[in-house]
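Please treat every number below as a calculation from the coordinates, not as lab data. None of these values were measured; they are calculated from a predicted model. With ideal geometry, Cβ positions are generated from the backbone for all residues, glycine too; neighbour counts draw on all protein chains shown.
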Amino acid sequence: MAHALNTTTATSSLMARLRGVAESARTSWALHREYKRTFNELDSLTDRDLADIGVRRSDIVDLARTHVYGA
């Protein structure tokens, strides 16, 4: 009986870890999609539009990263 209990606990623990990995992957993909969307929107602006909002083209990567992932 003790063996069956330990097997069930191990299976539950494994399933919980797999669910955690899957959730982490979904979160990472969602953040990456948001990063790509933000980057593409800024990158599509003309140099003049960027200058109007005080952004240099070389800053787009850092701005997109900070917007999505934080400081």
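State, as an integer percentage, the relative contact order of the chain based on alpha-carbon contacts under 8 Å between residues 6 or more apart. Provide the component values of the computation, followed by the final result.
On the way: 20 pairs, mean separation 22.2, N = 71.
Computed over the chain, the figure is 31 percent.
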message: Between 0 and 90 degrees, rounded to the nearest ten: what's the tilt of helix 2-43 against the longest Cα principal axis of the chain?
response: 10
task: Pick out, from 55, 69, 16, the residue whose Cα sits farthest towards the positive end of the charge dipole of the chain, with +1 on the Cβ of Lys and Arg and -1 on the Cβ of Asp and Glu.
output: 16
field: Ellipticity estimate at 222 nm from DSSP helix runs (n ≥ 4, -39,500 (n - 2.57)) divided over the chain, nearest 500
entry: -28000 deg cm²/dmol
query: So, counting K/R as plus one and D/E as minus one, what does the shell of residues with Cβ under 12 Å around residue 47 add up to?
result: 0
Degrees between helix 60-69 axis and first principal axis of the chain (Cα, 0 to 90, nearest 10): 30
query: Given (1) 48, 9, 5; (2) 15, 14, 12; (3) 23, 12, 10, which label gives semi-axes √(5λ) of the Cα gyration tensor in Å as computed from the coordinates?
result: (1)
- prompt: What's the extension gain from residue 56 to residue 71 if we count 0.36 nm per residue and subtract their Cα-Cα distance?
  reply: 3.5 nm
query: Given R₀ = 30 Å, FRET efficiency for residue 35-residue 15 by Cβ-Cβ distance, to 0.05?
result: 0.50
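Using unit Cβ charges (K, R positive; D, E negative) and no other charged atoms, how large, in debye to the nearest 20, is the dipole of the chain about its Cα centre?
On the way: 10 positive and 9 negative charges, 83 e Å.
With Lys and Arg at +1 and Asp and Glu at -1, about 400 debye.
Could you tell me what fraction of 2.2 N^0.38 Å the Cα radius of gyration of region 26-65 comes to, as a two-decimal ratio?
Working it through for region 26-65, the quotient is 1.26.
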